[in-house]
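A short write-up of the structure that comes next.
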Amino acid sequence: MGKVIGIISIKGGVGKTTAVSNLGAVLSRNFSKKVLLVDANFSAANLGLHLGIVNPEITLQDVLTGKKSVKDAIQKHDIGFDILPAGIVPKKVDPLKLKDKLAEIKNDYDFILIDSSPALNEEILGAMTASDELLVITSPDYPTLSCTMHAVKIAKRKGVPITGLVLNKTRGKSFELSMEDIENACNVPIVAVLPDDVKVMEALAETTPHSVHSPYAEGAIEYKKLAAAISGEKYADPRLFSKMKSFFSSTIPRQEINREILREE
């Protein structure tokens, strides 16, 4: 049976949809997993737009209202994964039906990744309820940390396990919150650290995941390491500079330790 991972944040602009498309791309392309991406952000569907799907004929809204079957709405993407898109025009649906609809196809996939709403509403609760575990996207600033702490609190109240935090848009500046501060505030390990990279926006303009557009960029490598940990596999960074840096450094990055614990689990 496949694993359903909800990727959440209750603050817009943190990079949640970008994380869904990139993690799905590396799981399917680099680890040969059968992957389905689900756009459960019904109020402002963006996942399809990230991947060049502008006006899908059949949408997740059609599935939840009973007009179409879930298999009818699934599209195959050239990158290698499947996608269940939502319509860009909002329609009244019951997000809590998502779990039952995904249960019909769960055995067909290794991983189902859900892109949730960035607002605290029924949509994000529907994504949480449908998920076996969660990844929470955050960034190293106080407003986002506050929202992240709230999201973690709600997830724990709902009894949905949190795999870890993905720390996005880091710049290596002294004014940013430290990893230790963020982990202590949320009581959740950070499992990936993604730099703020203009090539992410360049990839978005080309409707291609950053990990496909720039496969040797730092962010792309982090997604590959995270995908390896999630799927219980190992991944070795192929870049010569990283190998030399690792050889001469006596300090193991915090996220590397957390990923190794996750992989073993």
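Computed from the coordinates by the stated procedures, all read-outs in this text should not be read as laboratory data. Just so it is clear, the model here is predicted, and its values are computed rather than measured. Here Cβ is always computed from backbone atoms with ideal geometry, including for glycine, and neighbour counts include all displayed protein chains.
Extending 7 Å from Cα along the Cβ direction at residue 94 and again at residue 256 yields two label points whose distance is 5.0 nm. Extension gain, residue 150-residue 68: 0.36 nm per intervening residue step, less the Cα-Cα distance, totals 26.0 nm. Return the whole-Å distance between the Cα centroid of segment 114-176 and the Cα centroid of segment 1-43. Their Cα centres are 13 Å away from one another.
Residue ranges 1-9, 167-175 sort as 1-9, 167-175 when ordered by packing (mean number of other C-beta atoms within 10 Å per residue, highest first).
Students often forget the sequence filter, so: which aspartates and glutamates lie under 20 Å Cα-Cα from residue 67 once same-chain residues fewer than 8 apart are removed? Straight-line reach from residue 67, under 20 Å: 39, 57, 94, 100, 104, 123.
Placing unit charges on the Cβ atoms of the charged side chains and taking the dipole of the chain about its Cα centre, the candidate lying farthest along the positive direction among 121, 167, 80 is 121. Pairs exceeding a 18 Å alpha-carbon distance, out of 169/245; 16/224; 11/169: 169/245. Counting only DSSP beta bridges whose two residues both lie in the chain, roughly 5 percent are antiparallel. For segment 90-142, just say rounded, prolate or oblate: build the C-alpha gyration tensor, square-root its eigenvalues into a ≥ b ≥ c, call rounded for a/c under 1.5, and beyond that prolate if a/b exceeds b/c, oblate if not. Oblate, since a/c reaches 1.5 and b/c is not below a/b.
Candidate cross-link partners of residue 106 among the lysines, defined by an alpha-carbon separation under 19 Å and a same-chain spacing of 8 or more, comprise 3, 33, 34, 68, 71, 76, 97. Each Cα pair under 8 Å and six or more residues apart adds its separation to the average, and for the chain the resulting relative contact order is 23 percent.
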